[in-house]
Amino acid sequence: MTKKAELHYDGKVYELPIITGAENEKAIDISKLRGQSGLVTLDKGFKNTGSCESAITFLNGEEGILRYRGYSIEDLAEKATFLEVAFLLIYGELPTAEELDNFKEDVSKHTLVHEDVRSILDGFPSKSHPMGVLSSLVSSLTAFYPKSLDPNRSAEEVNGTIIRFIAKLPTLAAWSFKNRMRQPVIYPDNSLDYCENFIRMMFSLPTVNYEINPVVAAALNKLLILHADHEQNCSAATVRIVGSSHASLYASVSAGIAALWGPLHGGANQAVIEMLEEIKADGGDVDKYVAKAKDKSDPFRLMGFGHRVYKNFDPRATIIKKAADDVLSELGIEDPVLDIAMELEKVALEDEYFKARGLYPNVDFYSGIIYRALGIPTDMFTVMFALGRLPGWIAQWKEMRENNEPIGRPRQVYTGATQRKYVAIDKR
Ligand code: SDX
C-alpha cells in the first residue's frame, strides 16, 4: 500500500505518493503536481528537492555516514585502491581480482593523449588557472573522439569512452600543471600504477630521474578515494543535467569541472589555504577571523567550514585530518598553517554561532594541507578534487543515461513586468 501525502489547496485535496528509499528516506513524488493542481514548487538551491533516484552513493548528514554502493568510506579509504573504487562506482560492484587486472590493463592502454593536445595547451598563457585549462582539454576530447559525441552508441562503445576518460584525465591534469609551470610535459609510464604515474607526470623533469615517494602515492590514493563521489552535489547535478540533453560524457564532465571550480564547492580547498595564509600573515589571530565569519555585514566566510548535508561532521574531514598528521610526520614537514587550521577548528567548534548552524570542517578544510605537503601548488588543489571526482561524475552520468531520465528543465515563479505595449523610442 503506497503511503500518500495530502495537499489541501483552494478547497481541494490532492494526494501525492510517498517514495521510500533503500535507507528508509521519504520523498513526496510531485511529478504530477502541476497537472493535478496547477501548482509548481519553489526551492532555491534545491535544499529540499530530490532530482533523481540513485543507487550510487548514500549520505546521512546527521550521522556523518558516506557509503559508495553500500561500502563505508572508512573501509574503502583504508583498504581499497582508487581504481578499485572507480570500478565500484561506475559498474556497481567491487571488481574480482581478474576484473581489476583487466580494468587496469584497459586503462593503461589509453593514458596517452593525442599529440595535438600539446598545441591546444600551448595556446594557454602560463598564468591560466589549471581548472580552466582542464575543463577545456576535457571538452577537446570530443574533437579527438567524435564518436563519443553520441551517448546513444552501443554499451561497449560508451564503455570505451569511459575507460579512455579514466585513463587520460591524469595526463590532462598533470599537463595543465606543467603548462602553469612552463615546464615540458612528461608522458605517462604505463609500468606505474595510477597514482604513481600521475605523481611522476606532475613532478618529474626530463633532466632528472624522479623518485616516487610511496608515502606520497599512498596519501594520493586515499585522497582520490575520499573525493570519488558525493551524490547530488553541485557538480554532479551539473553533469546530470547537461547529460540529460544527450550531450556527450566529455561535454557533461567539462561542465561539471566548471561547477566544481567555484569557491563554495570544490574551489574551497584552494580558498582554505589562501584564508589560512592570510590569517598567518595577519599575525595568526584566529579569533579575529572567527568574528569576521559571524559578522553578517562582512562577506568573509570560514572556507572549509559548513556543508549542505553534513550537520555534525564530514566523515571525510575526519579521515583527512588524521592523514594530514601522518603525511606531515612521515615527510618530516612542519607546516605552521596546520597549527592555525587546528586552532581555527577548535575555536569555531566551541562557538555557539557555528554549533547552532551545524558548521563543521568539511572535506576541503584539511585536504589542502596534505596537497601542499605533497608539493602540489595551491591552484592545482581543485584539479586534484576533479581527478578524484571523475569516477563519481561518470557513474552519475551513466546512471542518468541508463535510467533514460528526461531532460532537466526546472519551472520558475515569474516576478517580472506583466504585459505592456511597445513604446516608440521617441516616446520613452
Ligand atoms: C564541497 O554538496 C556537496 O556534497 C559538496 C562537497 C562534495 O564532495 O561534492 O561536499 C564538496 O563543496 C564542500 C563545501 C566546500 N565549501 C566551503 O567550504 C565554502 C564555505 N562554506 C559555505 O559557503 C557553506 O557552508 C556551503 C556552501 C558549503 C553550504 O551552504 P548552504 O547549505 O547553502 O548553507 P547557507 O549558506 O544557507 O548557511 C546557513 C547558515 C547561514 O547563516 P544564517 O543565515 O542562518 O545566519 O550558516 C552560515 C550562513 O551564513 N554559514 C557560514 C558558513 N557556512 C554557512 N558562516 C560562516 N562561515 C561559513 N563557512
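Computed quantities for the displayed model
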| read-out | value |
| --- | --- |
| DSSP H segments from the chain that extend 15 Å or more along their own axis, Cα-based, with Kyte-Doolittle mean of 1.6 or above | 214-226 |
| Mean projected area in nm² (Cα convex hull; one quarter of hull surface) for the range 4-50 | 3.7 nm² |
| Total charge dipole magnitude, the chain, about the Cα centre, Cβ charges on Lys, Arg, Asp, Glu only, Debye to nearest 20 | 2220 debye |
| Taking S297, S176, S31 and counting other C-beta atoms within 10 Å, the order from fewest to most | S297, S31, S176 |
| Equivalent ellipsoid semi-axes, the chain, via Cα gyration tensor eigenvalues times 5, rooted, Å | 36, 29, 24 |
| DSSP bridge pairs, the chain: antiparallel proportion in percent, nearest 5 | 100 percent |
| Student exercise, the range 294-428 dipole from Lys, Arg, Asp, Glu Cβ charges, in Debye to nearest 20 | 1440 debye |
| Relative contact order %, the chain, counting alpha carbon pairs below 8 Å whose residues are six or more apart | 20 percent |
| Protection-proxy order for peptides 279-292, 318-331, 35-48, 218-231, each taking the mean of Cβ atoms within 10 Å per residue, highest first | 218-231, 318-331, 279-292, 35-48 |
| Computed [θ] at 222 nm, deg cm²/dmol, the chain (DSSP H ≥ 4; -39,500 (n - 2.57); rounded to nearest 500) | -16000 deg cm²/dmol |
| Most to least packed among 242-251, 68-77 [average Cβ atoms within 10 Å] | 242-251, 68-77 |
| Interchain or long-range residues, amide H under 5 Å from I65's placed H | N60 |
| Segments 210-217, 80-87 sorted - mean Cβ within 10 Å per residue, highest first | 80-87, 210-217 |
| Binned Cα-Cα distance frequencies in the range 190-262 - 10 Å width, integer % | 18, 31, 28, 19, 3 |
| Length-normalised contact order of the range 245-344 in % [C-alpha pairs under 8 Å, at least 6 apart] | 28 percent |
| Loop-located trypsin sites (Lys or Arg not before Pro) in the range 131-165, at most 15 other Cβ atoms within 10 Å (DSSP) | R153 |
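Values in this text are rule-based calculations from the coordinates and carry no lab data. Here the structure is a predicted model, which means the values were calculated and not measured. Reconstructed Cβ throughout: ideal geometry from the backbone, glycine too, with neighbour counts over all protein chains shown.
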